[in-house]
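Got a structure here, written out as structure tokens. Questions coming.
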Amino acid sequence: MPDWDKIFKEKGYVFVDPHQDISRLASLFRTQGVRRILDLGCGTGRHLAFLTQEGFEVSGFDSSSTALELAMKWLKEEELRADVHLGRMEEPFRYPDGFFDAVVSIQVIHHNMMNDIVATIREINRVLKIGGYIFITVPIYGPKPEKPEDDWNLHQLEAGTFIPQSGPESGIPHHYFTEEELHEVFRNFKILEMYTDDTNHQCVLAVREY
Ligand SMILES: C[S@@+](CC[C@H](N)C(=O)[O-])C[C@H]1O[C@@H](n2cnc3c(N)ncnc32)[C@H](O)[C@@H]1O
């Protein structure tokens, strides 16, 4: 079954430029005393490299060994250091409670069924200190949830979760969130911003309250 590892094997660095708002977030994090950041589903390392360059202590994990090889190559070439390892987001994270000041996860946590997404968010909450930040982006369930994947031949697995039968991400589950769901799954957080970015993903910037 095609998966992200296959995509990275075939296409290499699919994502190169960092998220449009990561620079603004780095400034915010700095003013708020953020030091340790987890990049959950770090892929080939565009945010690992950026945030490390900005002076943060960055950890990242991903389920694709090919992505991690590319990420480590990138870091080495730029003479940067980050703690990077293979891991699955629906399994317990290897970090202690309250270890991170911030968790970023760009276009990752929706690649699962809802019960696994809830497990991931529980772990995000656990490894983040109270008062810590999250910046998470996911696709949203809009009036045309199938856009721009009209040709993906989406097969529904559960409410809001689809698996493309064709196209580059075929076989990879996609959960399309509603705004209400985002408020529900991040109920432990004070949501500071929720908006749609240029890639049509919903961005959630929030602070852990409890
Ligand atoms: C759209 S890519 C985004 C990568 C990276 N966050 C970025 O912005 O460049 C989705 C990433 O999620 C990772 N991923 C998918 N399912 C995962 C899982 N169950 N556990 C950990 N990582 C996963 C993929 O390997 C891939 O690197």
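Each value in this text was obtained by applying a stated rule to the coordinates, not by laboratory testing. Just so we're clear, the structure is a prediction, and the values are computed from it rather than from any experiment. Every residue, glycine among them, receives a Cβ derived from its backbone with ideal geometry; neighbour counts consider all protein chains shown.
Over the chain, what is the percentage of antiparallel beta bridges among all DSSP beta bridges, to the nearest 5?
50
Further question: Which of Q107, V127, S170 sits closest to the plus end of the dipole of region 87-177, meaning its Cα is farthest towards the positive end, when Lys and Arg get +1 and Asp and Glu get -1 on the C-beta?
Positive-most Cα among the choices belongs to V127.
Using the beta-carbon distance between V16 and E184 and R0 = 35 Å, what value does 1/(1 + (r/R0)^6) give for FRET efficiency, to the nearest 0.05? Spell out each step's value before the answer.
Working: r = 34 Å, r/R0 = 0.96.
Once rounded, the FRET efficiency stands at 0.55.
Separate question: Which residue, chosen from Y13, G60, F29, occupies the Cα position most advanced towards the positive end of the dipole of region 1-102, where the dipole is computed from +1 (Lys, Arg) and -1 (Asp, Glu) charges on Cβ about the Cα centre?
So the residue we want is F29.
Net charge within 15 Å of Y195 by Cβ-Cβ distance, Lys/Arg positive one each and Asp/Glu negative one each, not counting Y195 itself?
Working: positive: R24; negative: D21, E179, E193, D197, D198.
Net of charged neighbours comes to -4.
Follow-up. For n ≥ 4 DSSP H runs only, could you compute -39500 (n - 2.57) per run for the chain, divide by its residues and tell me the 222 nm figure to the nearest 500? The partial results should precede the final answer.
Numbers: 6 runs with 60 residues, N = 210.
The helix contribution divided over the chain gives -8500 deg cm²/dmol.
Can you give the local net charge around E181? Use residues other than it whose beta-carbon is closer than 13 angstrom to its beta-carbon, Lys and Arg +1, Asp and Glu -1.
Neighbourhood net charge equals -3.
Same structure again: Which distance in nm do the two modelled labels at L192 and L157 give, with both placed 7 Å along the Cα-to-Cβ direction?
According to this spin-label approximation, the distance is 3.2 nm.
Something else: Just to check, using Stokes-Einstein with a Kirkwood Rh over alpha carbon pairs, what's the diffusion coefficient of the chain at 10 °C and 1.306 mPa s in µm²/s?
The calculation lands on 92 µm²/s.
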